[in-house]
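The values are calculated or read from the model by the stated rules, or taken from the named source; none is laboratory data. Here the structure is a predicted model, which is why all the values come from computation and not from measurement. Ideal geometry is used to build each Cβ from the backbone, glycine not excepted, and the neighbour counts take in all protein chains shown. The accessibility values were calculated without ligands, DNA or RNA, using every heavy atom of the protein model including side chains. Shrake-Rupley method; radii C 1.70, N 1.55, O 1.52, S 1.80 Å.
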Amino acid sequence: MEERLKKIKLLILDVDGVLTDGRIIFDSNGVESKFFNVKDGHGIKMLQRSGIEVGIISGRESQVVYNRAVELGIGQVYQKSLDKLVPYRQMLEATGLCDEQVAFMGDDVIDIPLLKRVGFAAAPADAVQEVLPFAHFVARNRGGWGAVRELCDLILKAQGSWESVTSRYYV
């Protein structure tokens with residue numbers, strides 16, 4: 001697992017069930033809300049500071065996702081992607097990376113083709129059972145409750161970047 005993690009240059013994340021707990025809330029005016037975990041966001045920022053790019057590929061489209069991506073400085077955001085391999089290929093082309101340099105966290109059957117393709121496949125603790133055989137790593141936490149942070153920390157530690165990225169907090 002550590003050898004796979006050392007090669008990672010790009011982390012791609014699903015949204016609903018990974019960056020969120022999977023709930024979609026609509027108010028009486030039809031305004032959508034999602035809950036994101038601040039620890040996941042901080043993990044993403046630490047990865048970015050270490051030089052690892054982060055992208056999003058989601059099956060749904062939501063302005064809330066665009067807003068969160070902008071807040072986190074995530075430039076590559078693909079939504080309404082029912083075939084996630086299509087934007088994945090575009091991301092590889094844009095970055096010049098190959099499969100073994102990419103990690104992906106997904107939680108449902110729509111994510112299986114991408115989980116099978118990337119160099120490091122991950123899933124939150126509450127991913128559907130069909131996903132688990134394709135994951136190199138299953139987080140202890142559920143989607144939207146720190147699963148992404150676990151993966152970010154794992155990558156940073158495997159690549160020897162943890163101390164340099166977190167040193168400012170121990171001063």
Run the numbers on region 18-111 and let me know its relative contact order in percent, using alpha-carbon pairs under 8 Å that are six or more apart.
22 percent
Mind checking which aspartates and glutamates have their Cα closer than 19 Å to the Cα of Lys34? Skip sequence neighbours fewer than 8 apart in that chain.
Asp14, Asp16, Asp21, Glu61, Glu71, Asp107, Asp108, Asp126
Carbon and sulfur together cover what percent of the accessible area of region 8-135 at a 1.4 Å probe radius?
52 percent
Sequence order, region 55-64: Karplus ³J(HN,Hα) from phi using 6.51 cos²θ - 1.76 cosθ + 1.60, θ = phi - 60°, Hz rounded, Gly and Pro as x, gives x, 10, 10, 10, x, 9, 10, 7, 5, 4
Would you mind checking the pairs Lys6/Lys157; Lys6/Lys80; Lys45/Lys157; Lys45/Lys80; Lys9/Lys80; Lys45/Lys84 and listing those with alpha carbons more than 19 angstrom apart?
Lys6/Lys80; Lys45/Lys80; Lys9/Lys80; Lys45/Lys84
Can you tell me which of 127-134, 6-13 comes out highest on packing, and rank the rest after it, using the mean Cβ neighbours within 10 Å?
6-13, 127-134
Per the helix-only model, the chain has a calculated mean residue ellipticity at 222 nm (DSSP H runs of ≥4, -39500 (n - 2.57) each, divided over all residues, rounded to the nearest 500) of -10000 deg cm²/dmol
Heavy-atom surface of the chain, accessible at 1.4 Å and reported per residue (Å²):
49 Å²
Just one of (i) 10, 39, 37, 12, 2, 0; (ii) 10, 42, 40, 8, 0; (iii) 11, 42, 37, 9, 1 is P(r) over Cα pairs in 10 Å bins from 0, in percent calculated from these coordinates, so which is it?
(iii)
Checking rank on 44-53, 76-85, with mean other Cβ inside 10 Å and highest first, the result is 44-53, 76-85
How high is the relative contact order of the chain, in percent, counting Cα pairs under 8 Å that sit 6 or more residues apart?
29 percent
Mark the label point 7 Å from the Cα of Glu2 along Cα→Cβ and return the residues of region 155-171 whose backbone N is within less than 12 Å of it.
157-160
Using +1 at the Cβ of each Lys and Arg and -1 at the Cβ of each Asp and Glu in the chain, identify which of Tyr78, Gly41, Ala122 lies farthest towards the dipole's positive end.
Gly41
Report ³J(HN,Hα) in whole Hz for each residue of region 26-43, in order, from the Karplus equation J = 6.51 cos²θ - 1.76 cosθ + 1.60 where θ = phi - 60°; Gly and Pro get x.
10, 7, 5, 9, x, 7, 8, 10, 9, 10, 10, 8, 5, 5, 4, x, 5, x
